Amino acid sequence: MSDSEVCIIGAGAGGALAAWALVRRGVRVTLLDAGPRFNPGAFDTHAQRWELDASPFDTYASAERGWEGASGEPLDAAFRELSSHSPADPGSAPTQREPFVYSRALGVGGSTLHYQGEAHRFPAHAFQMRTERGIAADWPIDYEDLAPYYDRVERLLDVAGTARNPFKPARGPYPHPAHPLSRASQQVGEGARRLGWTLIPNSLAILGGPRDGRAACHFCNGCERGCRIGAKSSVDVAVLPEAERTGKLAIEPRVRVSRLEHGPDGRIRAVIGSHADGREVRFRARAFVLSAGAIESPRLLLHSAEGVHRNGIGNASGLVGRYLMETLYFERTGFLQRPVESYAGIPIESRIWDFNGARDDAVLPNGLVLGASCGVFQGPVGTALEGIAGYGREHRREMRRRFGAGITLFGIAEQLPRADNRVVLSERTDARGTPLARIETRLDTDDLRALSACRERLGELGEAAEVEFIGQVSAYDRPGATHVAGTCRMGIDPDTSVVDVEGVVHGVPNLIVADASVLVTEGAGDSPSLTIQALALRSAEALADRAQRGEI
């Protein structure tokens, strides 16, 4: 048994920021994570077999998988042009959507271990979609409520970017100037300019200069496998060390929480789980923060059903697990006309936001964003396997001609929240006897229109940038995401939401949720990490204030 003032479940983007905020207010915190604590210096970005071997995050997440995807739905034949295909896997047009794949990283740092450093503020209209676009729902807070917390998180993470983005609210300068664009991004930017669009350097939590023993980015393009030099501001290197120096934070890795224990008054008393060696563990506290992500958080709440919470903690409304939003993505792969060392740089160093706030229904009322990366062409193995068919001398000749010219153009659109897209408990269990989280998600006509809009815009961009397309992959038939949200949505009315404006679970005053599950909408295609962190900072400080007043 371990006691603290606050116990946090999940050491990712939200949990780490909550821990940092609480210990700075003098609160004693225990931070739990199901995965290990990695040594960044051991990440294998430069290992000989790095393209062939699974990343350490994928290996551990696969071993500790706590979810299952529902069987695929039949596909709409009218949208068959959205089907995935490549030279390596030409296949025939699929007739059924593949089961959902949840891409995550287990470990202290969470998904920031393998994210690509994107640090986006949601556009102002994303908080008022019902009022301004007549779709989805409004948040109970607006952009101005979150802006000061965005500022603080950007400073903490040393975000680099340009304030000259006409598609976002006016703001002051970033802590650091934007990173220089690679030759590949410059060529895509020239294509965008021909179309009257604007390619803008991405806002990135990636160091442009050394800080506190962390080196500046050396543009190896390996962010997804972990940053061995600490240039990427994943929370394990940018946030938690400072929090630990206060002496108020205890981090407990490799603890798998299975349920929350509550008393007759409905308040949470303890979390119960097991250590990697099989020992059962129990952590008590005055208050708890649930930051396990939009799949695991509802799983825990639903599995903790008993007593006064007979339908699951926070589930009096029946909304825990509902309004799941997956990522609507579309990627088109191909080659530029000549090699430009497209494997070098930062994975997503630029974006096109021209359609992020579009009101034109012919595009999308909720908007989309476009970008470019080297994608599967990060190294010679990926290029050989995914980009160039055949074998022998002709294959070798094409490799010499094309390596360094491979590029992926992508579009990200927002899936609007729908109650039938959800997480429920499966009849299957994990090795510890806890029911798996079953992911049930389907596309509707709005989603298919969004994917079609992405495909069309990418076709225009590819033609203007002189990209020869050879393949594509999309959420139409291959659902999967690192960005999932919405299963414990925020709101004022307990009948239509799970948490209040400070992340407190309705009816459970000593439990807050601080992860992607509280998001009401997904930011019109922007990455949610910075918004998760800003909300976690806001909620944790409100929790500390309530604790100081003796309200928990």
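None of the figures in this text is laboratory data; all of them are computed from the coordinates on show. Treat the numbers as computed from the prediction; the structure is a model and nothing was measured. Glycine gets a Cβ as well: all are built from the backbone with ideal geometry, and neighbour counts include every protein chain shown.
Computed extension length for SER92-ASN39: 14.7 nm, one decimal, from 0.36 nm per residue of separation with the Cα-Cα distance subtracted. Against the main long axis of the alpha-carbon atoms of the chain, helix 183-194 sits at an angle near 80°.
Taking every pair of Cα atoms in segment 111-265, average 1/r, invert it to obtain the Kirkwood radius, and report Rg/Rh to two decimals. Here Rg/Rh amounts to 1.04. Rounded to whole numbers, the Karplus 3J(HN,Hα) couplings from phi for segment 136-142 are 6, 8, 8, 6, x, 10, 10 Hz, using 6.51 cos²θ - 1.76 cosθ + 1.60 with θ = phi - 60°, and x at Gly and Pro. Each peptide in 536-543, 291-298 gets a packing score, the mean of other Cβ atoms within 10 Å over its residues, and the list from highest to lowest is 291-298, 536-543. Under the combined filter of DSSP loop state and at most 14 neighbouring Cβ atoms within 10 Å, segment 376-429 retains these chymotrypsin sites (Phe, Trp or Tyr not before Pro): TYR391.
Taken about its Cα centre, the chain carries a charge dipole of roughly 1180 debye when the Cβ of each Lys and Arg holds +1 and the Cβ of each Asp and Glu holds -1. Across all Cα atoms of segment 369-516, the radius of gyration (one decimal) and Dmax (whole number) stand at 21.7, 69 Å.
Here segment 101-211 is treated with +1 on each Lys and Arg Cβ and -1 on each Asp and Glu Cβ, and its dipole about the Cα centre works out to around 380 debye.
Ranking LEU260, ALA316, THR333 by how far each Cα lies toward the positive end of the dipole of segment 245-340 (charges on Cβ) leaves LEU260 at the top. The angle between the Cα long axis of helix 392-402 and the longest principal axis of the Cα atoms of the chain comes to about 80 degrees, rounded to the nearest 10. Helical content of the chain, expressed as a calculated mean residue ellipticity at 222 nm, amounts to -7000 deg cm²/dmol (DSSP H runs of 4 or more residues, -39,500 (n - 2.57) each, divided by residue number, nearest 500).
Length available on full extension from GLU190 to ILE492: 0.36 nm per residue minus the Cα-Cα distance, which gives 104.1 nm. Remark on segment 447-518: hydrodynamic radius 15.5 angstrom, per the Kirkwood mean of 1/r across alpha carbon pairs. Averaged over residues, the count of other Cβ atoms within 10 Å places the peptides 97-109, 156-168, 504-516 in the sequence 504-516, 97-109, 156-168, highest first. Given in Å, the Rg to one decimal and the Dmax to the nearest whole number for the Cα atoms of segment 273-365 are 22.6, 66. Using the Cβ-Cβ distance between ARG164 and GLU242 with R0 set to 30 Å, the FRET efficiency from 1/(1 + (r/R0)^6) comes to roughly 0.45.
With only the Cα atoms considered, the chain has a convex hull volume of 141 Å³ per residue.
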